[in-house]
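First the structure, which I've put down as structure tokens, then a few questions once you've had a look.
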Amino acid sequence: MRETPAVQPPDEGNNPCMQLAPTPGFIEPPSALVESNTESRLVQLLRDAASTKNPTEILTRSAVAHYLLGPELGNALADLSVTGRAAYAEFQRATVSHATLLALTSERLANTEHVQASPEDVAVAVSAALDRAYSVAWALRGPVAKQETARAPLGWIAVSGEDDAPHRPVNVPSPPFEQYDLRVTVAPRTMPATLAVTTRFFIASADAFAPSATTPPAPRTLPPDPVPYIPDGHRVILFLHGHSSSADEALPLIPELLKAGLAIGTKYAVISFDLPNSGYAETFAHTRAALSNATTYPGGIFDGELVRTPILDFEEDFVVAFVEALDRITPIKDRFAGVIGGSLGGNLGLRLGRRDLRAQPWIGAGIVSWSPASVWDPMIRDEIKRKGPDRCRDHWDLPEITGSRADYFAEVFDRFIDPVFMRTQQPEFWYSQSWIPCRQFHIREARLARRETYCANFRQWHWRLAGEQLIYSHVDRVNHFDNTTPWRYELNTVRQLLAAGQDDNFQGSNIFDATRTLSNLMANTPGESLFLLRTGHSIHVERPAFLAREIARFLFKPQPTRRTDVSFLVPLLLSPRPPRRTDVSFLVPLLMSGPG
């Protein structure tokens, strides 16, 4: 690999944000049901219901609210019986009984002072709660072809990620593909037991795949879980999203990537999934993957402490475990085209390029990393830069308190980066300064999406993973203070496309310059580099068509063509054949001999 001159990609002016219209698919909550100045945190009454994770209890409260207060609160409570991962799993396991709800609601209303509800009134309230719950379930998890029609009339749907993490997008746009759940088991490198995590993923294929139409066979049934499917003749591309993002990050790139594949005669199936504690994956405490003190780095330039990044290791191992788990359901490893991703996804791509291909030969198909994190020099060498990981370390064990949610969003979206460097807010790093007005739309969308999935586990994982990416470096030695160990980039053996944008060059990280340096250092790694002018960190969002064509070109492997001209056989067919040997006595010593 070598550094190549930067190129100017053509402008792609078909981005919908250019229309300056409100972002479709993002639905704001009613002000009466969220606390003020808390980034849309639900009121305590709703949070208390969600925290039970018990659909029968939640729907009983919903029926009572329908009778006493009306549909706004009643519907919100019913929503919580199916929008949380734990509540929905319990709903699937044991269907809520209409008769049970009638009895529980009647009892609760009878014990309410000054309330005398008739059986007919109770039945109406219970029916309203159940009908809302099933309607929401089908809108979120029904057949993708029918989701938009089912979702539109429902308006805002209550979800409380802090109390019961969502399993599907709720008030943000949902991908136009079937979504699936997969149980992934990882063995953390510093922990004695394995950790199983359920994550969400989707598959986008070049051939439109329409699963058999499913409609409720009877009133009030939950939608069946679809089975993952990849059409024959497709080659698989695995997309890895960025830090604290989700599988949906791939959506701007997917249609262009499928189109670019067809242009070179290749049908792609793009698989995108939620990394641990991101998007709509199951959440868990970061200390289950590695104890806090397992993350280590020098406290100064003369400190000999090793650099250890067990959470970053877990993310890498999770990618491998995801592929292995999915392959057991629908074979994908034997038709892999490559792994692609930016930022954290690009970082993981570089790390995967050092795996043992005897154990995971599918990785050898090729890797595309753009705007990769951890390409900078180790921040432990710099007394000023080391304040970054120190700050992250101060955050990742903080317990959840009243102001944690608001503080997280202020820290990530509003506060200025360390003034020693500049007065810039973190989201300003995500897109090119010249990409206006699109950048503001995408920053707003990121904020709304994180409101839906925010919880203590997400917040703590965010800061720990961020800190580990700052202390980890691809241009460091395997052991920072041991000069006998190789440079990490020397161990990259998989063919790699390394890309970065000119405007992703902020002081402190300098990803553009650092990526160019890394491309030169990776002299023994097969592959090439790609550098773009007037482009920022999120190349796949700013330049999806251009990047897609480059990915398809880089990963393209022509299929062998069948030779139709058989004239070359004529001399062979006409030449005299040697006589057939009938004496086989020469085989006797060979057959009689022992193993050699």
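Inside segment 87-189, counting only helices (runs of 4 or more DSSP H) that do not spill past its ends, which hold 3 or more residues that are modelled with pLDDT of 95 or more?
By residue number, 98-110, 119-141.
For segment 514-533, which residues satisfy the criterion of being over 27 Å from the mean Cα position of the chain (by Cα) and open to solvent by 10 Å² or more (accessible area, probe 1.4 Å)?
Thr517, Asn520, Leu521, Ala523, Asn524, Pro526, Leu533 - these are the residues of segment 514-533 that are over 27 Å from the mean Cα position of the chain (by Cα) and open to solvent by 10 Å² or more (accessible area, probe 1.4 Å).
Which one is least open to solvent (accessible area, probe 1.4 Å) among residues in segment 282-302 that are assigned to a loop (DSSP other than H, G, I, E, B) and without any contact (Cβ under 8 Å) to a residue 12 or more places away in the chain?
Once the filter is applied, the top-ranked residue is Gly299.
I'd like the full set of residues that are open to solvent by 30 Å² or more (accessible area, probe 1.4 Å), in contact (Cβ under 8 Å) with a residue 12 or more places away in the chain and not hydroxyl-bearing (Ser, Thr, Tyr), limited to segment 46-56.
Correct list: Arg47, Lys53, Asn54.
Turning to a different aspect of this structure: Out of the residues in segment 13-24 that are out of contact with any Phe, Trp or Tyr (no Cβ under 7 Å at 6 or more places or on another chain) and surrounded by 13 or more Cβ atoms within 10 Å (Cβ to Cβ), which is modelled with the highest pLDDT?
So the residue we want is Asn15.
Also, quick follow-up: What are the residue pairs meeting all of these: first residue in segment 322-347, first residue without any contact (Cβ under 8 Å) to a residue 40 or more places away in the chain, second residue of a type in the set (Val, Ile, Thr), Cβ atoms under 8 Å, and 6 or more apart or on different chains?
The qualifying pairs are Lys333/Val323.
Go over the candidates Asp377, Asp382, Asp397 one by one and state the one that is surrounded by fewer than 22 Cβ atoms within 10 Å (Cβ to Cβ) and closer than 25 Å to Phe284 by Cα.
Answer to the selection: Asp397.
Follow-up question, since we're still on this one. Checking Ala325 against (1) crowded, with 19+ Cβ neighbours inside 10 Å; (2) hydrophobic (A, V, I, L, M, F, W, C); (3) more than 30 Å from Gly501 (Cβ to Cβ); (4) under 17 Å from the mean Cα position of the chain (by Cα): exactly one of these is not met. Which one?
(1)
Six or more apart or on different chains, Cβ under 7 Å: which pairs go from a residue in segment 243-257 that's more than 15 Å from Ala545 (Cα to Cα) to one that's buried (at least 22 other Cβ atoms within 10 Å of the Cβ) and of a type in the set (Phe, Trp, Tyr)? Could you list them?
Going by the 7 Å Cβ cut-off, the qualifying pairs are Ser246/Tyr280; Ala247/Phe201; Ala247/Phe202; Ala247/Phe273.
Considering segment 491-504 alone, what residues qualify as being more than 25 Å from the chain's Cα centre (by Cα) and within 17 Å of Glu3 (Cβ to Cβ)?
Gln502
Considering (1) in contact with a Phe, Trp or Tyr (Cβ under 7 Å, 6 or more places away or on another chain); (2) in contact (Cβ under 8 Å) with a residue 40 or more places away in the chain; (3) within 30 Å of Pro228 (Cα to Cα), say which one Ala125 fails and leave the rest.
Of everything listed in (1) in contact with a Phe, Trp or Tyr (Cβ under 7 Å, 6 or more places away or on another chain); (2) in contact (Cβ under 8 Å) with a residue 40 or more places away in the chain; (3) within 30 Å of Pro228 (Cα to Cα), Ala125 misses just condition (3).
Here is a further query. If a residue has to be part of a loop (DSSP other than H, G, I, E, B) and not hydroxyl-bearing (Ser, Thr, Tyr) to count, how many in segment 190-211 make the cut?
Counting residues in segment 190-211 that are part of a loop (DSSP other than H, G, I, E, B) and not hydroxyl-bearing (Ser, Thr, Tyr) gives 9.
Does any residue of segment 110-123 turn out to be under 21 Å from Leu46 (Cβ atoms) and buried (at least 16 other Cβ atoms within 10 Å of the Cβ)?
No, segment 110-123 contains no residue that is under 21 Å from Leu46 (Cβ atoms) and buried (at least 16 other Cβ atoms within 10 Å of the Cβ).
For segment 176-205, what are the residues that are open to solvent by 30 Å² or more (accessible area, probe 1.4 Å) and not charged (D, E, K, R)?
Pro176, Phe177, Thr185, Ala187, Thr190, Met191, Pro192, Ala193, Thr194, Ala196
Would a scan of segment 477-487 turn up a residue that is among the acidic types (Asp, Glu), at pLDDT 95 or above and open to solvent by 20 Å² or more (accessible area, probe 1.4 Å)?
no
The values are calculated or read from the model by the stated rules, or taken from the named source; none is laboratory data. For clarity, every value in this text was computed on a predicted model and none was experimentally measured. Here Cβ is always computed from backbone atoms with ideal geometry, including for glycine, and neighbour counts include all displayed protein chains. When the accessible area is computed, the model is the full protein with side chains, heavy atoms only, and any ligands, DNA or RNA have been set aside. Shrake-Rupley method; radii C 1.70, N 1.55, O 1.52, S 1.80 Å.
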